[in-house]
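Peer 1: Below is one structure. I have some questions about it.
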Amino acid sequence: MGSCLVSRRLVTSRRSLTTTADQWRQIIHERNPGINAFVHITPPAKVPSGHGPLAGTTVAVKDNIATVDSDTTCSSKMLDGFQPPFDATAVKLLREAGADIVGKTNCDEFGMGSLNAYSYHGPTVNPYQDSSDKLERRWPGGSSGGSAAAVAAGMCQVALGTDTGGSIRLPASYCGVVGLKPSYGLISRWGVVAYADSLDCVGVLASKVGDVRRTFGILSTYDLRDPTSATPEARSRSSKVVKKRLSRWDAERDATKPLRGLRVGIPQEYFPSELSPAVIKPVRNVIKSLQEQGASVVPISLPSTSYALSSYYVLASAEASSNLARYDGIQYGSHARPPPGSDVSKTSRNYAISRTKYFGPEVQKRILLGTYALTADAFDNYFLQAQRVRQLVKNDFNKIFSLPNFYFTDPLVASEQSRSPSSSSSSSAAPTQVDILIHPSAIRTAPKMQPTTATSEHKSEATDTDSYVQDVLTVPASLAGLPALSVPAPKRFLDREGDGWPIGVSVVGQWGSDELVMRVGEVVEQLGA
Amino acid sequence: MTSEYSAHTPPNTNVSSFDAALPGTLPKLNPFCVDLAIRTALALQCDIQRQSSFDRKHYFYSDLPSGYQITQQYAPLAKNGTLFIPQPDGTQTPIRIKQIQLEQDTAKSTFNPRTQTSHIDLNRAGTGLMEIVSEADLRSPEEAAAYIRTLQSLLRAIGSSDGNMEDGSLRCDVNVSINRTDAQPGSGTRCEIKNLNSVKYITAAITHEIHRQSILLTSSPEARVEQETRGFDEMTFETFRLRSKEDAPDYRYMPDPNLGVLRLSQERIDVIRDALPELPWTMRARLKEIYALSDRDVEVLLNIDSGRDVRYDGEDPGESGAVKYFDRLVEGVGSSSDSGRQRDPKVVANWMTHELLGQLASQKKTFKQNTISAAQLGELIDMVQQRAITGTTGKHLIRHMLTNPTNDPPHKIAQDLDLLAFSSSQSSPPSSAPHAPIINSTISTSTSTSDPSPSSIPIPASTSASASASDTDPLTSLCENAIAAFPSVVAAAKKGNKNVLNKIVGAVMRESRGRADAKRVKEVVEGLVYGSGES
């Protein structure tokens, strides 16, 4: 399933590019109707770019990332028919690298959701098929469910997603593909419709880590138009220490023990009671294999993890309530005419009519929660408290990683950093420090779609709480802005008594150590070979 | 914070996608806005905060497309400043500045009462806005007006705003509270009057508000002023209630996750401090103490200076400022000697305030429309001082250069117009004059001052000692001709009535078209009549 552009690079003559571009669209037209991963299919460029490092590579783009040649709806009725006047920086970079943007993918409305159930384009169906061939409809996960499903169904080679609290890693885990949420600030957010600015990351999904790396390499570049884009200085400082770490690893490894010298942390808080045995077993097998290859496995603790989830929901909802204030139905998107006799004496009353009509239930819920968290009475207890917890979560990570966090390059912050133990750039890490973390990406395999509850309106409260608990595994890395990669656990490691659906293994590293994370991800990927 | 803005561009023609709140856009802090705010903070003697931050202020209104305004609620850029305002008795009163914060401006909303619709102009949306908050130190409408005027001239002087209230470049919210004389000052309840856009309206609004609150408070001992936000009616000169404290919106302030924290290096602050333009009060002191100008001249110069161009992003306004123009004149710009020559400040002030400004005023032009460069006026003053032209000719030249703008140096214009003064052998040789002109031409004189038509008395003219066109110098021949034209006067003079010679001097002066010096003419005429000397 899928295709690996590292192993079979596409021919670069123009004619064959055109042919291939048409063939890919043929595949999409055949497979998409049952999956609903694509909400828009872009016709092939009249003059396909025959050069560039991604020449001919088919890329699907999540529908909350601006594309100048098609609608960008964020799966919201509110933005029905909205076509941005610009390309997102990530899309622009892909086009310049010769990539073929094949279409826009389904997602949860404005990225809010973890099943891909909240979309006015209808839900996406998880395309994964195991050998038993039983037909079972499952959720692809969200919010980048369309991107994960498009890759899993072989409708494109690479997909762009966004990850605010796990929106790439969770669907990657459910659909059995690779998904990278890079370090915050490495890929520009210009043109990405904001859900929660301080958490949103553009990331890459593909079948193989190698494809993710090649695409990430194109996208990870400083962008003046994104004020949170990591500065060239921060990038070079962190890549220097990561390179140093990688070369030390290369020097220590040998054929029998390829992972010698690598310190892998297992955070105890990431194995909550909700975790199903079907998930624990394969992850344990992966860890055992890494140990056999020479890695030192270190049990570690991230004590603030239990508060991370509530912190995340307060912060993400607060930012969402702010970011979504612009959808008033006046300038662009859908506008509901006030019914006769309605009170429009205040501007806000007028806006409320469109907002009530065109925002979906989950979006409305989070706007309300976020609005409350920002009110004068609640601000200290909710928003400020959540910010403090976020700092604790960051501190937890900075303590256990052997590499320093270089996201901030201000002298002021740098001097604060030098006081924390994490900044010790000593060649031998403290015994409690690790290079990367490994934990399950999800608490379970893809949930089943109930035939009667396919629409969001019928979803019960219990399901909501479940999906919130799921986020416990993905949210901390988002709060701390760390690179996190979900790689499918090799099939041979899956629990024989389980349901046979994929399980993702998460590899998390210090800010800026995306390459290290992908190297370890590749090792996990190759365990199945 | 992103797009250029002028109050005079057509609506919605200069809008960045961020200011239109298009999904996917991100803000970018304009470093020039920050620099200008630092400049202002330095001029107001504020404590500049090395670390400040940006917050979002939320409310739903049609002039705010994104639903929030980026401002500095929790950690402003500067705090604790002072502005001295002048009192009628000449003393200065300090007014404390609470803080200076950077914000985004909103869009401009205009209501059309005929169609009952609002029109939104996004040109202004997102422009950098600097909010200067003062403490409750102003005690009267007059002090408030003095505060605004002083602040306005300060902002213009340092280039952080043109301070134009009609264009909305400077807008004002005023808080008014009064207390009973037996109560603690400042114990009253304040009412905020929004969006006052002229000094006149500010004064009127405060006056009305004081009146309204005192009537309320004196109506009964229990009466209280309710805290509220009020508007000002420009037709009735009265304030009216917009909303009460209870109706005040909860702005749900939130740290802006995109711009976050603004950190300023001491170096950046120092660079701005070193390049800080001269402040109005320093300028006044310098003009008075160093140049010893009269109070009147100082006021005239400063008044004109405050109307100078304020360039985009606070760039150096150059000679468009009257004081800068004056300084350059005193420094010797346009002087013929390479090193430049200092000029007498009083002479310069006289030429600038009386002649140049006078001519501009009579031509109904402002100083901004002045087409004479400092170098040109400097050379002109030098020529008068060195008697290459007379004062009268100097004034004539200024008028001419204002009506016929040119880059030519004044000596060339004077030469082209045949306005160079008659030389006299008693004065220093003209070759030492800045631009020794050699003129060999004839001019026509007329016996009638009002009739410029050519007359029959051709007089060769030359100011050059080396000129060979005439054996006698032109002034002498002019005098000789005049004497010849008034034999009866000469006779009377020879009888002892010396005063009658003024008639001949006057005729020479008229015919010289201002090129001759009256004293010198008198000497020559007397010499010719009484034969006591040869010129």
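The values are calculated or read from the model by the stated rules, or taken from the named source; none is laboratory data. A quick note: this is a predicted structure, and the numbers were derived from the prediction, not measured. Ideal geometry is used to build each Cβ from the backbone, glycine not excepted, and the neighbour counts take in all protein chains shown.
Peer 1: Could we say that A:Arg235 is surrounded by fewer than 22 Cβ atoms within 10 Å (Cβ to Cβ) and either in contact with a strand residue (DSSP E or B) (Cβ under 9 Å, 6 or more places away or on another chain) or assigned to a helix (DSSP H, G or I) (or both) here?
Peer 2: Considered against the rule, which asks whether it is surrounded by fewer than 22 Cβ atoms within 10 Å (Cβ to Cβ) and either in contact with a strand residue (DSSP E or B) (Cβ under 9 Å, 6 or more places away or on another chain) or assigned to a helix (DSSP H, G or I) (or both), A:Arg235 comes out as yes.
Peer 1: So the check is Cβ under 6 Å with 6+ separation or different chains; which pairs have a first residue in the stretch B:358-374 that's among the β-branched types (Val, Ile, Thr) and a second one that's not in a loop (DSSP other than H, G, I, E, B)?
Peer 2: Filtered contacts from the stretch B:358-374: B:Ile372/B:Met401.
Peer 1: Please find, among A:Thr221, A:Thr215, A:Thr164, the residue that is away from every other protein chain (no Cβ under 14 Å) and crowded, with 24+ Cβ neighbours inside 10 Å.
Peer 2: A:Thr215
Peer 1: Go over the candidates A:Leu275, A:Leu259, A:Leu302, A:Leu224 one by one and state the one that is without any contact (Cβ under 8 Å) to a residue 24 or more places away in the chain and not in a helix (DSSP H, G or I).
Peer 2: Sole residue among the options that is without any contact (Cβ under 8 Å) to a residue 24 or more places away in the chain and not in a helix (DSSP H, G or I): A:Leu224.
Peer 1: Restricting attention to the stretch A:203-212, does a residue exist that is away from chain B (no Cβ under 14 Å), assigned to a helix (DSSP H, G or I), closer than 15 Å to A:Ile168 by Cα and at pLDDT 95 or above?
Peer 2: Taking every residue of the stretch A:203-212 in turn, at least one turns out to be away from chain B (no Cβ under 14 Å), assigned to a helix (DSSP H, G or I), closer than 15 Å to A:Ile168 by Cα and at pLDDT 95 or above.
Peer 1: Restricting to the stretch B:50-63, name every residue that is in contact with a strand residue (DSSP E or B) (Cβ under 6 Å, 6 or more places away or on another chain) and either of a type in the set (Ser, Thr, Tyr) or more than 8 Å from chain A (Cβ to nearest Cβ) (or both).
Peer 2: Residues satisfying the conditions are B:Ser52, B:Ser53, B:Phe54, B:Asp55, B:Lys57, B:Ser62, B:Asp63.
Peer 1: Out of the stretch B:279-318, which residues are part of a loop (DSSP other than H, G, I, E, B), crowded, with 16+ Cβ neighbours inside 10 Å and not hydroxyl-bearing (Ser, Thr, Tyr)?
Peer 2: Passing the criteria: B:Leu279, B:Leu293, B:Gly307, B:Arg308, B:Val310, B:Pro317.
Peer 1: Could I ask something else about it? Do we find that A:Arg169 is surrounded by fewer than 24 Cβ atoms within 10 Å (Cβ to Cβ) and either modelled with pLDDT of 95 or more or within 14 Å of chain B (Cβ to nearest Cβ) (or both) in this structure?
Peer 2: no
Peer 1: Taking the stretch B:50-62 as the region of interest, how many residues are touching a helix residue (DSSP H, G or I) at 6+ places or on another chain (Cβ under 9 Å) and part of a loop (DSSP other than H, G, I, E, B)?
Peer 2: 5
Peer 1: Does A:Ser198 satisfy the condition of being in contact (Cβ under 8 Å) with a residue 24 or more places away in the chain, hydroxyl-bearing (Ser, Thr, Tyr) and crowded, with 24+ Cβ neighbours inside 10 Å?
Peer 2: No, not satisfied.
Yes/no matrix, rows are residues, columns are (1) out of contact with any Pro (no Cβ under 9 Å at 6 or more places or on another chain); (2) buried (at least 18 other Cβ atoms within 10 Å of the Cβ); (3) part of a strand (DSSP E or B):
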| residue | (1), (2), (3) |
| --- | --- |
| B:Pro65 | yes, yes, no |
| B:Asn80 | yes, no, yes |
| B:Pro88 | yes, no, no |
| B:Arg124 | yes, yes, no |
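Peer 1: Shifting gears a bit: Please enumerate the residues belonging to the stretch B:242-270 that are more than 14 Å from chain A (Cβ to nearest Cβ) and modelled with pLDDT under 95.
Peer 2: B:Ser244
Peer 1: While we're here: Filtering the stretch A:111-132 down to residues that are within 16 Å of the chain's Cα centre (by Cα) and small (Gly, Ala, Ser), which residue is surrounded by the most Cβ atoms within 10 Å (Cβ to Cβ)?
Peer 2: Here the answer is A:Gly111.
Peer 1: Something else now. Given the stretch A:329-405, what helices (runs of 4 or more DSSP H) lie entirely inside it while holding 1 or more residues that are closer than 18 Å to A:Leu309 by Cα, aromatic (Phe, Trp, Tyr) and away from every other protein chain (no Cβ under 11 Å)?
Peer 2: A:385-400
Peer 1: With respect to A:Ala150, determine if the residue is at pLDDT 95 or above, assigned to a loop (DSSP other than H, G, I, E, B) and either among the acidic types (Asp, Glu) or crowded, with 24+ Cβ neighbours inside 10 Å (or both).
Peer 2: Answer is no for this residue.
Peer 1: Then there is this: Please specify each residue of the stretch A:71-110 satisfying the condition of being surrounded by fewer than 20 Cβ atoms within 10 Å (Cβ to Cβ) and assigned to a strand (DSSP E or B).
Peer 2: none
Peer 1: Report yes if some residue within the stretch A:297-308 is buried (at least 24 other Cβ atoms within 10 Å of the Cβ) and within 17 Å of A:Thr474 (Cβ to Cβ); otherwise report no.
Peer 2: Within the stretch A:297-308 (the criterion being buried (at least 24 other Cβ atoms within 10 Å of the Cβ) and within 17 Å of A:Thr474 (Cβ to Cβ)), the answer is yes, since at least one residue qualifies.
Peer 1: Any chance you could count how many residues in the stretch A:256-295 are out of contact with any helix residue (DSSP H, G or I) (no Cβ under 6 Å at 6 or more places or on another chain) and among the charged types (D, E, K, R)?
Peer 2: Here the count works out to 6.
Peer 1: From (1) at pLDDT 85 or above; (2) assigned to a loop (DSSP other than H, G, I, E, B); (3) of a type in the set (Ser, Thr, Tyr), pick out the condition that doesn't hold for B:Ser488.
Peer 2: Only one criterion in (1) at pLDDT 85 or above; (2) assigned to a loop (DSSP other than H, G, I, E, B); (3) of a type in the set (Ser, Thr, Tyr) is unmet by B:Ser488, namely (2).
Peer 1: Is it the case that the stretch A:97-119 has a residue that's acidic (Asp, Glu), closer than 28 Å to A:Asp471 by Cβ and away from chain B (no Cβ under 14 Å)?
Peer 2: Looking through the stretch A:97-119, at least one residue is acidic (Asp, Glu), closer than 28 Å to A:Asp471 by Cβ and away from chain B (no Cβ under 14 Å).
Peer 1: Residues in the stretch B:64-95 that are in contact with a strand residue (DSSP E or B) (Cβ under 8 Å, 6 or more places away or on another chain) and away from every other protein chain (no Cβ under 14 Å): how many?
Peer 2: 17
Peer 1: State all residues of the stretch A:164-200 that are among the β-branched types (Val, Ile, Thr), closer than 18 Å to A:Ile503 by Cβ and in a loop (DSSP other than H, G, I, E, B); if no residue qualifies, say none.
Peer 2: Selection gives A:Ile168, A:Val177.
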